[in-house]
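Beneath this line is the structure, given in structure tokens, with notes to follow.
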Amino acid sequence: MKILIVEDEIELQQSIVTYLQKDGHICETASNFSEGSYKSDLYAYDIILLDINLLDGSGLDILKTLKEEHKHSGIIIISANSSLEDKLKGLDLGADDYLTKPFHLAELNSRIRAVLRRGHYEGNDIINFNEISINTTSRTVVVNEVDIVLTRKEFDLLLFFITNKNRVLSKEIIAEHLWGDHSDLLDNFDFIYVHINNLRKKLTNKGAKYIQTTYGSGYKFTDT
Amino acid sequence: MSLSKKISQKQLLFGLAIVLGSLTILYFLTRAYIVAEAKESLYHTNFRIEQQLVQQKEVTSLFPLFEIHQVEHLHPDTLKDTIIFDVLQNENELFKELNVYKTINTKNYHIITRTLMVEYDDTLLTILITFGVIIILVYLTQFIYNKNLNRTIWTPFFKNIEILKAFSIRSEQAIQLEASDISEFSELNIEIEALTSKLSTDYHNLKQFTENLSHEVQTPLAIIQAKIENLIDGSKDLEQDHLKTLYDIQDNTKRLSKLNKSLILLTRIDNQQFHDVEAISVNTIIEELLENLKDIWNHKKLEINFSSRSETRILMDRSLADILFSNLIGNAIKYTNANGNITIAITSDSFKISNNGDNKIAGSDQLFHRFYKENKQSKSLGLGLAIVKKICDYYNFELTYTYSNNIHEFEIQF
């Protein structure tokens, strides 16, 4: 996929590029408003990551132009402003998602995948990983052509794992993805452990052994 | 005591002292003058009688005004007060009496002259009363005049006090004081205007600073977080303890970021930046929250009872409503021991959440303070309840905490 990252903080921009390139995405960058407008106007991207507060202009204006020109890029706003009004404004203008800084790259990745699935590639609501097949619309999972029943959070967890396959995910990142701001209600991460274990059992029973425990307190979904 | 009352009171007391003092002085002065006049008149009469005697004319006595007696021996002259029964008035009267002994034409005479003091006393009294009445009249007129004058002069001052009372530091508008042509008052106005405008500027700068700072902090945090994630992600060569350190850094970066977001929220409520109000169904919010957190409270084996008589709707900002209830319910889930009970009850104008807990909160009076932590080791930020309190204050909800029979209870009266 071709992704444009409009972000004036170069270090953050480069970290995003590094992370996304591993999945084989083609990443282009724009470090200010004019570069962002120019590139988004001239080329077609599958996804545009848009920082709102650029030194020489607002990312929202780029968004407006894109929508006026009926470009079909998926747009995710990344902003330091967590206020609901800004978020609603961005979404009203036609952004597909809104992420508040600081965010986890794994979270960004999973949002990018979700945006790509939604709308832009019709009929692409089936994700396949070897013998596992996930339908993101009906929220069902089939392993070796046998349905497995997952709870809501287990389904989200599996989806998160597969969109971030071959990457190390810490318990904190997983907890935050699943419960958002409520993740700090968990006194310890035993709870995550129990959750992951349940999912692992359900998958392993059907012959899909992909969830690995890594050093420290991380997990990795991989077939290698 | 008000200024004008105080001034009036002092003025009255002072006036009374002046009236009494001046009347006393007047009394003694007038009296001395009258006595001197009486004396002069007695000597004058005596002199006339002596002249008559020298010319060897017959002088008959006229009791009690004067008497002439021939005597053997001479005595020293005296002047004294004496009381004589007046047949005419049928009462005792005070007389001033002059006794002169003198040898005239080889004869020794005792000449007594008297004058009635009563009329002098009447004169004295009349003078005193007249003077007293004049003084009191002048004084009273002055007093009433001053009082009215004070009222006019102080009017801008009192108006300004009311304006100052209504002044709010949050207000964007500069304070507008009533002008006065009295230099002290206009000086005071200038100083107050300067002071309040500085106060407002400082307050708004501080507000701006807090807001900017919090937003600026988010970007470096995002960079740190992204870099660590890339590091962990390419971690094939990392030692186990290095990985552990990276996770710890990640964990604390997240805490810092949460802290920052909470402070931004508190500042935004302080700055009154939540204007969108809608009728929020408390029932729906609670049901959604409980559903969303179900895995967590099921894992702790908590029993949650939620009861409501009817649908309760309150007017507030949606995001604040989410935060309010999620903080209170989250707190209950977090601090109730495993297998414990949580009871949530709502009525048309209140929300109550209680959970069992064996220990009383030590600093229950500081419970709603920022950064208050019951347990210092806890990773909690100590901002959750401060935010709850702030939201309640913002909408004038009454928030109370009680602990009895091993039950912690938070109640909000809408």
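Take every Cα pair under 8 Å whose residues are at least 6 apart in sequence, average their separation, divide by the length of chain B, and the relative contact order is 9 percent. Compared with the dominant principal axis of the Cα atoms in chain B, helix B:183-233 is inclined by about 10°. For the cross-link pairs A:K67/A:K153; A:K101/A:K153; A:K171/B:K373; A:K67/B:K390; A:K39/B:K207, the ones whose C-alpha atoms lie over 32 Å apart are A:K67/A:K153; A:K67/B:K390; A:K39/B:K207.
Available extension along the chain between B:H299 and B:A17 is 92.7 nm, counting 0.36 nm per residue and deducting the alpha carbon span. With respect to chain A, whose longest principal axis is taken over its alpha-carbon atoms, helix A:105-115 is tilted by about 80°.
Against chain B, whose longest principal axis is taken from its Cα atoms, helix B:318-335 shows a tilt of about 80°.
Summing charges over all other residues whose Cβ lies under 13 Å from the Cβ of B:D295, with Lys and Arg as +1 and Asp and Glu as -1, gives +1. A straight line joining the Cα centroids of the range B:245-320 and the range B:70-94 runs 112 Å. Straight-distance candidates among the aspartates and glutamates for linking to A:K209, with alpha-carbon spacing under 12 Å and chain neighbours fewer than 8 residues away dropped: A:E131, A:D223. Once the Cβ-Cβ distance of A:K22 and A:K89 is raised to the sixth power relative to R0 = 30 Å, the FRET efficiency obtained is 0.40. Backbone geometry of the range A:63-69 corresponds, through the Karplus equation with coefficients 6.51, -1.76 and 1.60 at θ = phi - 60°, to 3J(HN,Hα) couplings of 4, 4, 4, 4, 5, 4, 8 Hz, x marking Gly and Pro. Shown in residue order for the range B:264-275 are the 3J(HN,Hα) couplings computed by the Karplus curve 6.51 cos²θ - 1.76 cosθ + 1.60 at θ = phi - 60°: 4, 4, 4, 4, 5, 5, 4, 7, 6, 9, 10, 10 Hz (x for Gly and Pro). A cut-off of 5 Å between modelled amide H atoms, ignoring neighbours fewer than 5 places along the same chain, links A:E28 with A:I3, A:L4, A:I5. Each peptide among B:323-332, A:173-182, B:96-105, B:1-10 gets the average number of other Cβ atoms lying within 10 Å of its residues, and from highest to lowest they stand as B:323-332, A:173-182, B:96-105, B:1-10. Between B:I182 and B:I169, the contour length at 0.36 nm per residue exceeds the alpha carbon distance by 1.9 nm. Restricting to the protein assembly as shown, what percent of DSSP beta bridges are antiparallel, rounded to 5? Bridges in the protein assembly as shown that DSSP calls antiparallel: roughly 75 percent.
The tail of the calculated P(r) for the range A:126-221, taken as Cα-Cα distances beyond 17 Å, holds 47 percent of the pairs.
Taking amide H atoms as placed 1.01 Å from N in the peptide plane, the amide H of A:T140 lies under 5 Å from those of A:N135, each 5 or more residues away in sequence or on another chain. Per-residue ellipticity at 222 nm from helix content only, as computed over chain B with -39500 (n - 2.57) for each DSSP H run of at least four residues, stands at -20000 deg cm²/dmol.
Comparing B:A36, B:A362, B:A166 in a Gaussian network model of chain B, where Cα atoms under 10 Å apart are tied by springs, the biggest mean-square fluctuation is seen for B:A36.
The mean number of partner chain beta-carbon atoms within 10 angstrom of a residue's beta-carbon across peptide B:211-224 is 5.
By the count of neighbouring beta-carbon atoms within 10 Å, fewest first, B:L302, B:L23 end up ordered B:L23, B:L302.
Read-outs throughout are calculated quantities, based only on the coordinates presented, and are distinct from any laboratory measurement. Only a predicted model underlies this, so the values are computations on that prediction, with no experimental measurement involved. Virtual Cβ from ideal backbone geometry, glycine too; neighbours counted across all protein chains shown.
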